[in-house]
């Protein structure tokens, strides 16, 4: 049954890699510009929704509506020199937007803070670890929090990261540091994983 | 979020987890009253997460020909809930193979809420009456045409039940956040880094009377020749369950 957790994570990773691969071909400047625009949008759920609707419509119909602000900036980066929308890059952004849409407003705010504090990779690692170790559990169980990536973090970053994990509905016991697994949080954690994968790819300078 | 924590707790307290949807933001509360329309995108590419319900600015009644009778909304008896939650979190890290470390973050918090709420719902009889007496507006309003043009990628829902505050309410949370880190990297000649910070937090949120804290939806089918509420949409029972319209 341990395998089923690994398979779920592997399938999530493959899906994210497949959906996001075209963003990796963008220059690091453009990726950072996209990340900055998305960080702004994380503070405004309606604008985030508007961008998702606009992009979805453009990919389905070929008609690209104009948007103001950070949403407009995202769309402009996805267009080629002739003004046509790149379908593969549009699909990649749609994947990130779809994952973000499944999160709550407080989670979006925590993600915006995480971008500022540059801890996306540690968060991604922790969420992946939790999914891998627990996804096979169909009942509530208590296990130690996987903490491999936390050592390098500042203490306030650890608190931010733990808040993000808890916001998915997982309980962390004090003082034992035991995580109570609830199988109903898998979709939320998966959406968080998808969001973090996309944002981390944009933040990665390599 | 204090608000989301309260609405989730309320749904659990009412014993309606999985049935009522907790509202996650006070700003969308006014668009989730009974008869309000909500849309939901279809899942793409077998994404493992569900798509959220997205409030619109419209009500089912905006779609229907004006006229009598005005639909009746039922109200439950008042329910009073007082809750105080105290809790905290902490994390500890230890590494092996020559690399040792310890990081702990902790926060202690207390959250107090006192709410008087009632449930608003539309009875099956009211749906029957609406289906029989109120036809779709003709010509179709522009927003309906827009929603229908998205039929391939979105479904439309109508709010059939909502939990509303009966009085102005104040939510309060008080917390102490202590974050301390100690890291020993033995491989690098026993370098130690220590960080400690302490922060007091207090949050007060005012919820006006009449705010919606949780809601329930049913799928709405709008076709050229009529409309219907799908009581059992997952079952694909079609004719037997789609009321008021011949599909």
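Just so you know, all these numbers are worked out from the coordinates, no wet-lab data involved. What you are looking at is a predicted structure, and each value in this text was computed from that prediction instead of being measured. Don't worry about glycine lacking a Cβ; one is built from the backbone with ideal geometry, like all the others, and counts go over all protein chains shown.
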Problem - Area projected by the alpha carbon convex hull of the stretch A:46-129, averaged over all directions, nm² - result: 6.4 nm²
Exercise for the section: Please report the relative contact order for the stretch A:106-178, taking Cα pairs under 8 Å with a sequence separation of at least 6, and give it as a percent rounded to a whole number. Expected result: 44 percent
Exercise for the section: Calculate how steeply helix A:155-167 sits against the longest principal axis of the alpha-carbon atoms of chain A, using the helix alpha-carbon long axis, and give the answer as 0 to 90 degrees to the nearest 10. Expected result: 90 degrees
Practice task
Distance between Cα centroids, the stretch A:117-135 to the stretch A:163-206: provide it in whole Å.
Solution key: 6 Å
Problem - Radius, Kirkwood style, for the stretch A:1-80 when every pair of distinct Cα atoms is counted (Å) - result: 14.4 Å
Handout entry: Within a Gaussian network of chain A (alpha carbon springs, distance under 10 Å), most fluctuating of A:152, A:37, A:99
Key = A:152
Problem - Span per principal axis, largest first, for the Cα atoms of the stretch A:139-206 (Å) - result: 39, 28, 17
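Tell me, Kirkwood radius of the stretch B:30-83 from alpha-carbon pair distances, in Å?
For the stretch B:30-83, inverting the mean 1/r across all distinct Cα pairs yields 14.7 Å.
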Handout entry: Mean Cα-pair separation over length for chain A, i.e. relative contact order, pairs under 8 Å, 6 or more apart, %
Key = 31 percent
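Within a 10 angstrom radius of each residue's Cβ in A:143-154, how many Cβ atoms of other chains show up on average? Whole number is fine.
Mean shielding by partner chains, rounded to a whole number: 5.
At 222 nm, what value in deg cm²/dmol follows for chain A if DSSP H runs of at least 4 each add -39500 (n - 2.57) and the sum is divided by all its residues, to the nearest 500? Before the final figure, lay out each step's value.
Values: 9 runs with 133 residues, N = 206.
Here the helix-only value at 222 nm equals -21000 deg cm²/dmol.
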Exercise for the section: Take A:104, A:197 and order them by how many other Cβ atoms sit within 10 Å, fewest up front. Expected result: A:104, A:197
Problem - Max mean-square fluctuation residue, GNM over chain A, Cα-Cα springs under 10 Å, options A:27, A:129, A:190 - result: A:27
Exercise for the section: Determine the distance separating the Cα centre of the stretch B:144-164 from the Cα centre of the stretch B:1-60; give it in Å without decimals. Expected result: 13 Å
Exercise for the section: Please work out the Cα convex hull volume for the stretch A:1-154 and give it in Å³ per residue. Expected result: 139 Å³
Exercise for the section: Place a label point 7 angstrom from the Cα of residue A:63 along the Cα-to-Cβ direction, then list the residues of the stretch B:141-161 whose backbone nitrogen is under 20 Å away. Expected result: B:141-155
Completion exercise
Note: A:155-165 gets an average of partner chain Cβ contacts (10 Å, Cβ to Cβ) equal to 6
Problem - Residue-averaged beta-carbon neighbours from other chains (10 angstrom radius) around A:50-58 - result: 2
Problem - Percentage, to the nearest whole number, of Cα pairs in the stretch A:83-206 over 18 Å apart - result: 53 percent
